[in-house]
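Read the figures in this text as sums done on the coordinates, not as results from a lab. What you see is a predicted model, and the numbers here were worked out from it, not measured in a lab. No Cβ is skipped: glycine too gets one built from the backbone with ideal geometry, and neighbour counts run over all protein chains shown.
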Amino acid sequence: MYDIAVAGAGVAGSYMAYRLASLGYKVAVLEEHEKIGEPVQCTGIIGAECFERFPFFDGTVLSTTSSAKLFSPSGKEIRLHRDSVQAYIINRAAFDLGLAEKAREQGAQYHLGNRVNNVVVLDDGVMLETEEQETFKAKTAVIATGFGTKIPQKLGLGSIDDIIIGAQVEVDIDGVNEIEVYFDQKLAPGFFAWLVPTSKHKALVGLFSRKNTARHLGDLLSTLFRQNKIASLEATPTYGGVPLRPLKRTYMERVLVVGDAAGQVKPTTGGGVYYGLLCAEIAAETLDQALSTNDFSERLFSGYEKAWRRKLGRELRIGHRARHLHERLANWQIDIIFSIIESTGVHESLLRSPELSFDWHGDAILKGLKYLGPWRRLFTFRGSLKIIQTG
């Protein structure tokens, strides 16, 4: 019997395996794919805070960035720049694989090509059942399979019904050297699109939407091609679901849910690496306590949820409400916001403010709303602004 069985070899799963195996526990990691890190469904932008807190990125950094250009529907441009590095663009597949190798070095055992489709809680442990008709028994289990798993729902922990679909392709570029973000309800309804250079001649282009994602991606590529920002329309896209809010409950006796599977994702950007690592750290501490005391009760495991919600709950609430407010904006309203920002220098004030952070958006959102002044009445939908401002 293993001490811990982890379903999923993504960032959260492998980090937990690394932490717990380094403490001497017997850890099994079950991964549905034959190759760790594939398929890649992430742009790989990591904030400086995450990069410094979790020292696992050596050899995976493709480039760094200290600036970005934001574009409104009519083409208004706002450039955000700081002198220091704000984010790192990494090779996400290489990072996932490298993190798994570090876990293996500590003794974690990886079982690839094993998709977990059920977790059974027993009196003396848990049993993980795979589609390949294999079973793995452990004292406790972690669900870190990424978004889309039905296991939490089977366990009575609920499901996430507020989701978006991301689509992304790698393209050839020439002359684009900064991240570009496009806010246009025709290209990416309710969300945004991006062009992220990963090298001098390569970039990732993608967007989020609730439906018709493939069509919107095609329109985006055609637009960028006409603007001579990309060299070709031929590309193979990858798609992935992103949760916009967390599970109502991420624990039960002997079981924790972590990362995208738990909905621990920034609703503003869809990024889940940093939040997943932070929550995996809390989960690892909870499991260490459980294993060292032989206490796998709901009472003890509830401490995990209380801890991660204290750290992330406010951010997720404000971000989720701001996201839904943005979904209701028309393109003319987005253009007005850009005009207000340009005329008042809001972006310059925020750049000088400690509230503006790559990974923590709540305070910046609240501060930004104050600058709208009398224009706020144009963006109030059934009290949404009031709800955001009260957090």
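For the chain, what's the relative contact order in percent, using C-alpha pairs closer than 8 Å and at least 6 residues apart?
Averaging sequence separation for qualifying contacts and normalising by length gives 18 percent for the chain.
Where does each of 308, 194, 360, 332 land when they are ranked from fewest to most other beta-carbon atoms within 10 angstrom?
So the ranking, lowest neighbour count to highest, is 332, 360, 194, 308.
Would you mind working out the magnitude of the charge dipole of region 1-107 relative to its Cα centre, with +1 at each Lys and Arg C-beta and -1 at each Asp and Glu C-beta, to the nearest 20 Debye?
In total the dipole reaches around 340 debye.
I want to check the label-to-label distance for residue 294 and residue 227. Put each point 7 Å from Cα in the C-beta direction and report it in nm to one decimal.
Inter-label distance under the simple model: 6.3 nm.
Rounded to whole Å and sorted largest first, list the principal axis extents of the Cα atoms in region 66-114.
52, 28, 11
Figure the gain on full extension for residue 285 and residue 234 (residue separation times 0.36 nm, minus the Cα-Cα span) and round it to one decimal in nm.
Contour length minus the Cα-Cα distance gives 13.7 nm.
What size of dipole, in debye to the nearest 20, comes out for region 199-338 about its Cα centre when the only charges are +1 on Lys and Arg C-beta atoms and -1 on Asp and Glu C-beta atoms?
560
Just to verify a number: FRET efficiency for residue 161 and residue 106, C-beta to C-beta distance, R0 = 35 Å, to 0.05?
0.40
I need the peptides 239-252, 121-134 ranked by packing, meaning the mean over residues of other C-beta atoms within 10 angstrom, with the highest value on top.
In descending order of packing, they fall as 239-252, 121-134.
Where does region 1-48 land on Rg/Rh, using Cα atoms and the Kirkwood Rh?
1.05
Give me the three principal axis extents of region 69-147 from the C-alpha atoms, as integers in angstrom, largest value leading.
60, 32, 23
Quick check: residue separation of residue 129 and residue 302 times 0.36 nm, minus the Cα distance between them. What number comes out in nm?
Here the answer is 59.8 nm.
In vacuum, with every alpha carbon of region 276-373 counted as one equal point scatterer, what does the Debye formula give for log10 I(q)/I(0) at q = 0.13, 0.16, 0.22, 0.25 Å⁻¹? Two decimals, please.
-0.63, -0.78, -1.13, -1.29
So what's the angle, to the nearest 10 degrees on a 0 to 90 scale, between helix 298-327 and the longest Cα principal axis of the chain?
Long axis of 298-327 versus the principal axis of the chain: about 20 degrees.
In vacuo Debye scattering of the chain, one point per C-alpha: log10 I(q)/I(0) at q = 0.10, 0.11 Å⁻¹?
Log-scaled intensity ratios, in q order: -0.67, -0.80.
Full-extension gain between residue 186 and residue 328, please, as 0.36 nm times their residue separation minus the C-alpha to C-alpha distance.
49.8 nm
Can you work out D for region 278-334 in µm² s⁻¹ from Stokes-Einstein, where Rh is the Kirkwood radius over C-alpha pairs, the temperature is 20 °C and the viscosity is 1.002 mPa s?
Answer from the Stokes-Einstein relation: 157 µm²/s.
When 102, 150 are ordered from fewest to most other Cβ atoms inside 10 Å of their Cβ, what list results?
150, 102
Using alpha-carbon positions, what is the distance between the centroids of region 71-123 and region 308-338, in Å?
Region 71-123 and region 308-338 have Cα centres spaced 23 Å from each other.
Distances longer than 21 Å among the Cα atoms of region 163-242: what percent of all pairs is that?
For region 163-242, the share of Cα pairs beyond 21 Å comes to 19 percent.
In a GNM of the chain with a 10 Å cut-off on Cα contacts, which of 188, 103, 290 has the highest mean-square fluctuation?
Judging by the Gaussian network model, the answer is 290.
To make sure I understand, if each residue's beta carbon is the centre and we count other beta carbons within 10 Å, what order do 279, 42 fall in, fewest to most?
In increasing order of surrounding Cβ atoms, one gets 42, 279.
Can you pull the percent of Cα pairs in region 225-307 with separation above 14 Å?
Of all Cα-Cα distances in region 225-307, 68 percent exceed 14 Å.
Would you report the distance distribution of C-alpha pairs in region 1-122 as whole percents per 5 angstrom bin, up to the bin with the largest distance?
2, 11, 17, 18, 15, 12, 9, 6, 5, 3, 2, 0, 0
Between 44, 13, 59, where does the largest GNM mean-square fluctuation fall for the chain, given springs only between Cα atoms within less than 10 Å?
Highest fluctuation among the options: 59.
What Kirkwood hydrodynamic radius do you get for region 40-102 when you take the inverse of the mean 1/r over all pairs of distinct Cα atoms, in Å?
Value: 13.1 Å, from the Cα pair sum.
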